[in-house]
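Each remark here refers to the structure printed beneath this line.
Taken together, the values in this text are just the output of simple stated rules run on the coordinates, not laboratory data. Please read these numbers as outputs of a predicted model, since none were measured by experiment. Because the Cβ atoms are built from the backbone with ideal geometry, glycine has one as well, and the counts that use them run over all protein chains shown.
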Protein chains: 2
Amino acid sequence: MTEVGDRRVRRTRRNLAEALTDLILERGYDAITVQDILDRADIGRSTFYAHFRDKEALLLSCFDDLRDDLRRDLDAMTPGVELHDSGQPSIVVFAHAYRHRRVYRALCGRHGGNIVYGHLHTLLAAALRTHLAPHLAASGSPIPAEAMAEFYTSGLLGILTWWVNQGFPHGPAHVAQMYGAMANPGIVAAIGHLPHSDTPPTTPSHRDTDLPTE
Amino acid sequence: MTEVGDRRVRRTRRNLAEALTDLILERGYDAITVQDILDRADIGRSTFYAHFRDKEALLLSCFDDLRDDLRRDLDAMTPGVELHDSGQPSIVVFAHAYRHRRVYRALCGRHGGNIVYGHLHTLLAAALRTHLAPHLAASGSPIPAEAMAEFYTSGLLGILTWWVNQGFPHGPAHVAQMYGAMANPGIVAAIGHLPHSDTPPTTPSHRDTDLPTE
DNA sequence: TTCGCTTCCGTACACTGTGTTCGATTATCT
DNA sequence: AGATAATCGAACACAGTGTACGGAAGCGAA
């Protein structure tokens with residue numbers, strides 16, 4: 001498709017992405033027409049279709065940047081080990097969301113529609129499955145790995161969207177700890193232990209290294 | 001609007017509902033046009049709009065019947081007590097889904113779209129909040145009730161949709177037990193105990209009262 | 001059965017939004 | 001400065017939506 005060397009191309013894509021996220025936050029994704037985006041971004045109709053097939057392609061393009069970023073952070077974790085009591089994958093996700101608050105508000109909030117949610121769900125489920133699989137295999141748990149990944153992925157996304165929709169209270173570390181307090185006991189029960197956990201996850205209280213609320 | 005005493009009305013609504021769920025299972029909700037429903041149901045265009053404002057209204061009408069049924073089942077539980085280790089609200093939901101497999105497959109499966117999911121989420125979150133609130137108040141947990149309801153609702157819906165999309169393996173009791181095995185340890189950790197639980201939920205093995213797979 | 005009422009049908013229509021085409025114009029890179 | 005490539009804008013065909021209305025037919029009750 002179009003290359004990224006040209007300044008005009010960068011300007012066009014940047015304007016379109018910004019217009020889309022703006023409009024999502026104002027009216028919600030479903031209520032937006034292509035013409036709305038064009039007017040807001042001050043971009044010609046034919047130009048838009050030279051870059052994206054439709055509205056959804058633009059949305060996914062916006063999401064892909066975030067997605068690649070997040071995947072890099074997730075892949076940076078050592079799989080199978082270093083599951084602290086706060087939950088390794090979750091803290092990465094929450095920190096990432098906090099770092100890109102505005103985009104998360106648009107894409108993962110109440111107005112974002114289900115498209116992004118589905119893709120994010122797939123991404124996180126794969127990451128969780130990778131982290132859980134070795135432990136599950138060793139413990140002989142009767143619960144299928146897919147079901148576990150499904151449960152904890154949905155729970156994580158539930159807390160994430162709740163956090164986003166509330167306007168990011170409490171800072172990422174605190175939210176990650178809340179998630180860990182609810183998720184880890186179940187994981188311990190299924191696996192039998194939690195690698196590298198010196199403190200029992202049943203009583204999370206002090207040790208709060210939070211950033212101030214936005 | 002239209003009354004329900006007339007045989008023609010019942011026939012129209014029944015045909016429309018059946019056509020919709022059929023088409024959802026075949027192509028997915030988003031790919032369906034009103035005209036498609038009309039052709040399948042053999043109903044005139046103007047007749048459709050005499051009953052429903054649009055496609056979504058028809059979908060919600062289908063969902064409302066289920067919703068009322070499920071809510072009755074949920075309200076039949078004594079709030080605050082009788083939380084077995086399998087998880088009271090969850091077993092009700094899973095049993096209800098199993099009883100209405102076909103509709104759940106259409107409305108809550110991969111093809112159902114996000115509309116139903118959102119409404120079901122709201123309903124279940126309210127039910128869970130009702131069940132958890134008294135225990136949370138007594139235990140002084142640092143986790144806000146909204147966050148807990150969000151987490152366990154999302155997890156429940158995650159397992160539910162996974163179960164639905166897999167074609168209902170394992171029977172409702174078994175799935176409810178899986179959910180309980182993952183969810184209850186976290187609830188115990190937050191609340192401090194689980195009312196009326198004589199057996200620890202950490203090792204769910206025998207005691208399977210399942211129905212055979214469909 | 002017949003009467004009155006309601007629903008249903010079918011067509012036609014206005015309208016909104018989509019995605020494409022193409023020649024003219026303008027910005028960018030080298 | 002000149003070749004290249006992106007943008008613009010207007011026009012177009014198309015699909016789907018929701019409404020209006022007159023005639024036909026089914027329904028419940030007497």
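Each residue of region B:160-176 was assigned a 3J(HN,Hα) from its phi angle through the Karplus expression (A = 6.51, B = -1.76, C = 1.60, θ = phi - 60°), giving 4, 5, 4, 4, 4, 5, 7, x, 6, x, 6, x, x, 5, 5, 5, 4 Hz with x at Gly and Pro.
Working from label points 7 Å from Cα in the Cα-to-Cβ sense, the B:Glu26 to B:Glu56 distance is 2.5 nm. Annotation: the residues B:Arg7, B:Arg102, sorted from fewest to most other C-beta atoms within 10 Å of their own C-beta, follow the order B:Arg7, B:Arg102. In the assembly of identical copies, A:His51 has its label point, taken 7 Å from Cα in the direction of the beta carbon, separated from the corresponding points by 4.5 nm (ascending, one decimal). Relative to the other identical copies, A:Glu146 shows label-point distances of 3.5 nm, where the label point lies 7 Å from Cα along the Cβ direction and values run shortest first. The stretch between B:Arg102 and B:Ala137, if pulled fully straight at 0.36 nm per residue, gains 8.7 nm over its current Cα-Cα span. Annotation for A:Asp75, label-to-label distances across the other copies: 5.3 nm (shortest first, one decimal, point 7 Å from Cα along Cα→Cβ). Remark on region B:1-40: hydrodynamic radius 10.8 angstrom, per the Kirkwood mean of 1/r across alpha carbon pairs. About its Cα centre, region A:1-149 has a charge dipole of approximately 400 debye under the convention of +1 per Lys or Arg Cβ and -1 per Asp or Glu Cβ, with nothing else charged.
For region B:1-60, the relative contact order works out to 36 percent when only alpha carbon pairs closer than 8 Å and six or more residues apart are counted.
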